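Chemist: Input: one structure, supplied below.
Please treat every number below as a calculation from the coordinates, not as lab data. Quick caveat: nothing in here was measured; it's all calculated off a predicted structure. Every residue, glycine as well, gets a Cβ built from its backbone with ideal geometry; the counts of neighbours run over all protein chains shown.
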């Protein structure tokens, strides 16, 4: 449908909590199509509606073309495993920057489909990492907040330098 402009760090909207989706209509489907197009163009493997300035609890994830497109409306983590794993994370709102973040390796989530059906499933590995990352964003927690102060400051400085260098 359309590639939308992505809000860049440190835009305050990235720290706002998204509102639950209450209307499961063609507008929601159009939003998820735009999110997918925007994510692929970024490029990224996950995106939320807040990344494009819409404070609704919607995320689209596509780990790779073979795994397919996953849409999660109003997702929430129900359970987290005790086993932790580190994985490089970044954001379409902070391109060019990534750092290792430690998160539970497996989770159980509840979410709704585009039709409003309630679903529950377990996610492991990269899907678990990606879902936790995107749900954090829906809760107004930008991924750098999961870093130590030192790593966070370093990532922000690196991004500021990248942004300056790109402006020329």
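Chemist: Do we have residue 103 as assigned to a helix (DSSP H, G or I) and under 30 Å from residue 161 (Cβ atoms) here?
Modeler: no
Chemist: If residue 166 satisfies every condition in (1) under 16 Å from the mean Cα position of the chain (by Cα); (2) in a helix (DSSP H, G or I) but one, which is the exception?
Modeler: (1)
Chemist: Within segment 12-45, which residues are in contact (Cβ under 8 Å) with a residue 24 or more places away in the chain, closer than 13 Å to residue 140 by Cβ and either over 15 Å from the mean Cα position of the chain (by Cα) or not in a loop (DSSP other than H, G, I, E, B) (or both)?
Modeler: Correct list: 13, 14, 15, 19.
Chemist: Could you run through segment 117-151 and say how many residues are within 29 Å of residue 25 (Cα to Cα), in a loop (DSSP other than H, G, I, E, B) and out of contact with any helix residue (DSSP H, G or I) (no Cβ under 9 Å at 6 or more places or on another chain)?
Modeler: Qualifying residue count, segment 117-151: 2.
Chemist: Give 64, 136 a once-over and let me know the one that is within 27 Å of residue 23 (Cα to Cα) and under 17 Å from the mean Cα position of the chain (by Cα).
Modeler: Values: 64 fails: within 27 Å of residue 23 (Cα to Cα).
After ruling out the rest, the residue left standing is 136.
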